[in-house]
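The values are calculated or read from the model by the stated rules, or taken from the named source; none is laboratory data. Keep in mind that this is a model prediction, so the values were computed, not measured. Cβ sites come from the backbone with ideal geometry, for glycine too, and all protein chains shown count toward neighbours. Protein only, heavy atoms only, side chains kept; ligands, DNA and RNA dropped before computing areas. Shrake-Rupley method; radii C 1.70, N 1.55, O 1.52, S 1.80 Å.
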Amino acid sequence: MTEAQSSPDLALLALCTILQSFDRDLLLALSDTTEQAVDLLLASDLVIPHKGSKDQYFLQKNVQRAIHSRLRTERPQDEIALHTRAFRYFLQRMRHADPADEQRCFVHLGELRDLLTENREWHTIADLVAAARAADPQQTRHHHLLGLYEGFVAVRTLDYARGEALLLDLLSRPDLDADVRVRVLHALGIVHWVQTHYARALSYCQQFYELAHAIGDRVYEGGGLLNMGLIYHETGYYDQALDLFMRSLQIFQEMDDSYREARALWHVGLAAMQLGRWDVAERHFDLAIERYRSLSIDAPLANLYWCRGSLSHLLGDEVASEVAYRQGLAIAQSAEHGHPKAALDNWLYLGLLYQTQSRWQAALDCYDHAARLAQQLNNQHLLALTLYRRGNVFQHQGQRDDALQSYRDAIDLIENLRGATEDEMIKIGLLGTTQQVYEAMVLLCLACERPVEAFEYVERARSRAFLDTLTRKSPDLYDAVAQAVATMPEIQSRLPADALLVEYFTTGVVPRGEHLLNKLPLSNTRLREQLLLPPHVLIFAIAREQVEVYQAALDPNTLRPLPNDPGPGRRLLHGRMLPQLYERLIAPISQLLAGRTLLYLIPHGPLHYVPFQALRSTNGSWLIDNLMLARAPSATILLRNCLGRHPSRAKRVVALGYNDQGDAALLHAEAEARSVAQLLDGEAWTGSAPKSRLLLEQGREMRWLHVACHAVFKPGDPLDSELRLGAGDALSARTIIGELDLGVDLVALSACTSGLSQVVSGDELRGLQRAFLYAGAPTVVCTLWEAADLVTRFVMERFYTDLRDGRPVA
């Protein structure tokens, strides 16, 4: 016997691999080989007999792994063909009501569903599922699987309503097996993700990840990480996305799952590109392309060519960029591998490429294609960005009315998305990815001499996630107001005659840290001009009788704090900075300050770190010499949540004080609390005993709340910033938001850096200020920097003496 005759061929071993268990008759029925070859294999040491049956065999585990790996890398289409052959064979046999044959038929159907998904062959999956249903399976589990596959195909073919209905029906069934429930939750996550319902998508992804982890389903555990990463990526949290993608990649590499490893490689590259890590992105894109090509899977290459096109464009190689986008479109629009989302991405970014080349009509044609696909997919996020880009082109062509309309339409879509997104963190990230749309609209309105409309979009751009949470918590505050945000006429009608409201708005602020905007090559000027708006600080000064708009001679990027700076804005206190900031931010409105006693300040972006109370002019006069100052996150929040609140009906005044322990111990915090309580005939809660639980329980009963203690600002996680109220008793901003309900008129935080916040996308402030405003305080007194506690005690005693005598808080 020759060596060739003595060694089983790869085709027979591949069949054994996909069957997992087999007997002589099954191998002869499903293979094209001879009886002699089958007998040779069964007599070899490559197989082991099944312990429960002398006629059943398995491949040795190491042989099965080696053959499976070889099959996927060398002959991936053969794997699909073999599963299809086995599926058809057992499908015929299950018609005779053999439970074992039905079980094996569905094993192969599940494998085919996974393999065909990689190539996006939705109609082939639908045909296989229909054939299985026609065979009338007897097991409840198999009917559940068919419902899952039908729902999955409906979603992937854009029939979202039918797909979601099928999946929700399955989810409601108490007899649904845990592993099937994981897959249903996964599919529901996709339903909402593709329609940009990010909060609901994330909720489903977290559920299926946790369930997969609990039952040891590594495939869906890795898939859960990957899908959560995709949501974070699309909403601008690239660091979190990269971490999730890397964890997913590790799982698939440990499983030696080439298909899913390729997908994870692709997304690691995508997140790395957004962070400006060009080499990491390129390496992972190349590995993903190599892996997909080795597997003979072409459909995902449409996405990867888009990635390559984007990377080439960012690095300034416009020729390579266009070639890659065209390659991606050829696959994404093919009859065999058509994928509307991949085509949408390629059209949108090809349009941006043409826009950077001033090929205006070609860019508009691309955006038209992208808009149609976004509407087809019901992807409002990308439709909004497409409309924004169209508006850019119209503006460059001098078609201002068309540009204004495109920006309006884009913002309406963004706000529809915002309204449908309940998770605050996701909402903040989503609005951050679209902030530039508002900036462009404000600048264009001012260029068209429409200051009232410009101001409306200034208000619509800022603190909207916070405003939405306030609205949900206290809808009665907003029932009487028809407008979504405060308008300029509304503000003017409610301002006292002696008050001035100054609202700042920044454009062109580049994010600190790792971000592709910071890593763009300086030579790539054409793309830089399209991705970055010019840096401006706009000043809207509103009095009861007049409105003025100015542009400050200041680049807001110069005020940005360093990432994770524990004292952002502290450097602005240096002597020379204070007069310079006064000249740029206050001097332009100085003529409007004459006769005013109250100045409401609404900072924006990096201006939140400016110590306005410390500003002084070049002649040495301080801004606060003749003015009361009050700050707010937005004019809307000021009018409706702060000034629009009815006075508290509560009577109690509570002063909390804790000196803390060790080297950082204060000397006068507890004495300050006792002094304030004595001044106001209130209660003093002092000493090392825990106080936060009492505060959470009794907050509704308080009219004034004073807190004297250490505050800790945590720039890495601002909602973890805390007040230290007792030994081992720290009250975080996150707990305040989640559990504290106040009925107060005033909260005074006599604690160092208690007024610091992290300013994140959408002009959202995250820290103790936000927490107490959300908890129900219309007015919060707090500090931007450190202060000696003896001085603080004297200041607060004077403050409460004046407050008791009727002077306003400001």
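If you take the Cα centroid of the stretch 587-629 and the Cα centroid of the stretch 114-165, the two points sit 65 Å apart.
Working from Cα pairs under 8 Å separated by at least six residues, relative contact order for the chain is 7 percent. Surface analysis of the stretch 242-327 yields an accessible area of 36 Å² per residue, using protein heavy atoms and a 1.4 Å probe.
Once the Cα atoms are used to define both axes, helix 360-377 deviates from the longest principal axis of the chain by about 70 degrees.
Each Lys and Arg adds +1 at its Cβ and each Asp and Glu adds -1 at its Cβ; summed about the Cα centre, the stretch 1-119 shows a dipole of about 320 debye.
Is the shape of the stretch 684-810 best called rounded, prolate or oblate, per the rule: a/c under 1.5 gives rounded, else a/b larger than b/c gives prolate, else oblate, with a ≥ b ≥ c the square roots of the Cα gyration tensor eigenvalues? Judged from the Cα gyration tensor, the stretch 684-810 comes out rounded (a/c under 1.5). For the pair Trp785 and Arg218, label points projected 7 Å from Cα toward Cβ lie 5.6 nm apart.
Using a ≥ b ≥ c from the Cα gyration tensor of the stretch 305-453 (square roots of the eigenvalues), is it rounded, prolate or oblate, where a/c under 1.5 gives rounded and otherwise the larger of a/b and b/c decides, a/b for prolate? Since a/c reaches 1.5 but b/c is at least a/b, the shape of the stretch 305-453 is classed as oblate. Heavy-atom accessible surface of the stretch 350-408, averaged per residue, reaches 38 Å², computed with a 1.4 Å probe. When the trypsin sites (Lys or Arg not before Pro) in the stretch 505-606 are filtered for DSSP coil states and for at most 14 other beta-carbon atoms within 10 Å of their beta-carbon, the remaining sites are Arg576.
With R₀ fixed at 22 Å, the C-beta to C-beta distance from Arg173 to Arg133 puts the FRET efficiency at about 0.80.
Report relative contact order for the stretch 81-181 in percent, whole number only (criteria: Cα-Cα under 8 Å, sequence separation at least 6).
21
Assign one of three labels to the stretch 651-719, namely rounded, prolate or oblate, based on the Cα gyration tensor with a ≥ b ≥ c the square roots of its eigenvalues; rounded applies when a/c is under 1.5, prolate when it is not and a/b is larger than b/c, and oblate otherwise.
Oblate.
The Arg408 and Gln361 beta-carbon pair, evaluated with R₀ = 25 Å, returns a calculated FRET efficiency of approximately 0.65. Principal axis analysis of the Cα atoms in the chain yields extents of 107, 65, 47 Å, listed in decreasing size. Putting +1 on Lys and Arg Cβ atoms and -1 on Asp and Glu Cβ atoms, find which of Leu40, Ala29, Thr17 reaches farthest to the positive end of the dipole of the stretch 14-64. Looking along the dipole axis, the top candidate is Thr17. Distance between the pseudo-spin-label points of Leu667 and Asp159 (7 Å out from Cα toward the beta carbon): 7.8 nm.
Paramagnetic label reach from Ala447 (point 7 Å along Cα→Cβ; backbone nitrogen cut-off under 19 Å): within the stretch 498-539, residues 505-509, 526-539. Along the axis of the charge dipole computed for the stretch 735-810 (Cβ charges of +1 for Lys and Arg, -1 for Asp and Glu, origin at the Cα centre), the listed residues Leu746, Ala810, Ser757 are led at the positive end by Ala810. Only one residue of Leu109, Asn392, Gly151 has its Cα farthest out toward the positive end of the dipole of the chain, where Lys and Arg carry +1 and Asp and Glu -1 on Cβ, and that residue is Asn392. With a simple spin-label model that places each label point 7 Å from the Cα along the Cα-to-Cβ direction, the separation between Val280 and Arg649 comes to 5.6 nm.
With charges set only on the Cβ (+1 for Lys and Arg, -1 for Asp and Glu), what does the dipole of the stretch 141-293 come to about its Cα centre, in debye to the nearest 20?
I would put it at about 240 debye.
Please work out the FRET efficiency for the pair Gln77 and Asn564, using the Cβ-Cβ distance as r and a Förster radius of 41 Å; give the result to the nearest 0.05. According to the calculation, E is roughly 0.25.
Of the lysine pairs in the chain, how many meet both conditions: Cα atoms under 23 Å apart, and a spacing of 8 or more in sequence or different chains?
The result is 7.
Accessible surface area normalised per residue over the stretch 626-716 is 46 Å², counting heavy atoms of protein chains with a 1.4 Å rolling probe.
Contact order for the stretch 630-788, expressed relative to its length and based on alpha carbon pairs under 8 Å spaced 6+ residues apart, stands at 22 percent. Placing +1 on the Cβ of every Lys and Arg and -1 on the Cβ of every Asp and Glu, with no other charges, gives the chain a dipole of roughly 1600 debye about its Cα centre.
Counting protein heavy atoms only, the chain has 49 percent of its accessible area on carbon and sulfur, 1.4 angstrom probe.
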